[in-house]
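S.K.: What follows is a single structure, and I will ask about it in a moment.
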Amino acid sequence: MAHLEPLPAETTPELAEHFEIFVNILGFVPNSLLTMQRRPEIVKGFGVLTKAVMAEDGAVDLGFKRLLAHFASRAAGCQYCEAHSLIAAEIHGIAHEKVAAVWEYQTSPLYTDAERVALDYALAAGSVPNAVDEPLMARMKQHWSEDEIVEILGAICLYGFLNRWNDSMATDLEAAPKALGDEVLQKGGWTGGKHVK
């Protein structure tokens, strides 16, 4: 059960356009932002950062950035963000069969070698303590440009903020990400944890 209840979106009319960013990403306004709106400037700032990191004209595929976010969230242990990032991955073009194979990314033919190393990087960067080392960076540089690596790390770090926010708030998981978590993530031990009532 959430430590603070989300407020209705209408509570802060000035945030309507900022909430719309996340409707486009997820299909709904997440409870995390509905809680965060108690301080509207945080929602606004997070929206600006999200638009910059998840820019449509970036070099890294938008759907894949959400898979990176999933792996960073897995490393951090935030079950709320694990489910959210997979919903966003599908909305942004990752096929359901690829999402469903997320636990087998190292061996599934649905994932490329470049994707595998980037997902390894997301797990390492999302861990505490951070596990990114020289050999991993060398592998990254074999498949990704420096600009792409910056974009990849941006997606990982964006979710680092959300991981801390949602786990600290015990944000309630909405129906759509919970359903996808139950379908795809349960086989790997996902339960929704403190984010389900």
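S.K.: Place the peptides 68-78, 169-179 in order of packing, highest mean first, counting for every residue the other Cβ atoms within 10 Å and averaging per peptide.
M.R.: Answer by packing, highest mean first, reads 68-78, 169-179.
S.K.: Evaluate the distance, in nm, between pseudo-label points positioned 7 Å from the Cα of residue 182 and of residue 96 along their respective Cα→Cβ axes.
M.R.: Simple spin-label model gives 1.5 nm for this pair.
S.K.: Another question, if that's okay. Any lysines with Cα under 16 Å of the residue 65 Cα? List them, leaving off those in the same chain fewer than 8 positions away.
M.R.: 51, 98
S.K.: Same structure again: Using a cut-off of 16 Å between alpha-carbon atoms, which aspartates and glutamates can reach residue 44, once sequence neighbours fewer than 8 places away in the same chain are excluded?
M.R.: 10, 14, 17, 20
S.K.: Assign unit charges at the C-beta atoms only (+1 for Lys and Arg, -1 for Asp and Glu), then state the dipole size of segment 53-197 relative to its Cα centre in Debye, rounded to the nearest 20.
M.R.: Approximately 520 debye in magnitude.
S.K.: Here's something else I'd like to know. What Kirkwood hydrodynamic radius, in Å, does the chain give when the mean of 1/r is taken over all pairs of distinct Cα atoms and then inverted?
M.R.: 16.9
S.K.: For each cysteine in the chain, check whether another cysteine's C-beta sits under 4.7 Å from its C-beta; list those where none does.
M.R.: So far as the 4.7 Å Cβ criterion goes, 157 stand without a partner in the chain.
S.K.: Pop a pseudo-label 7 angstrom from the Cα along the beta-carbon direction at both residue 44 and residue 24 and give the gap in nm to one decimal.
M.R.: 1.9
S.K.: Also, I was wondering about something else. Test of understanding: what is the full-extension gain from residue 113 to residue 143, defined as 0.36 nm times their sequence separation minus their Cα-Cα distance?
M.R.: Working it through step by step, the gained length comes to 10.0 nm.
S.K.: If you don't mind, another one. Once the dipole of segment 60-191 is set up with Lys and Arg at +1 and Asp and Glu at -1 on Cβ about the Cα centre, which of 153, 180, 128 lies farthest towards its positive end?
M.R.: 128
S.K.: When 1/r is averaged over all different Cα pairs and the result inverted, which Kirkwood radius in Å belongs to segment 49-166?
M.R.: 13.9
Quick note: the coordinates plus some simple rules give every number you see, no bench work behind them. Every value quoted in this text rests on a predicted model; they were computed, and no experiment measured them. All Cβ positions, glycine included, derive from the backbone under ideal geometry; neighbour counts span all protein chains shown.
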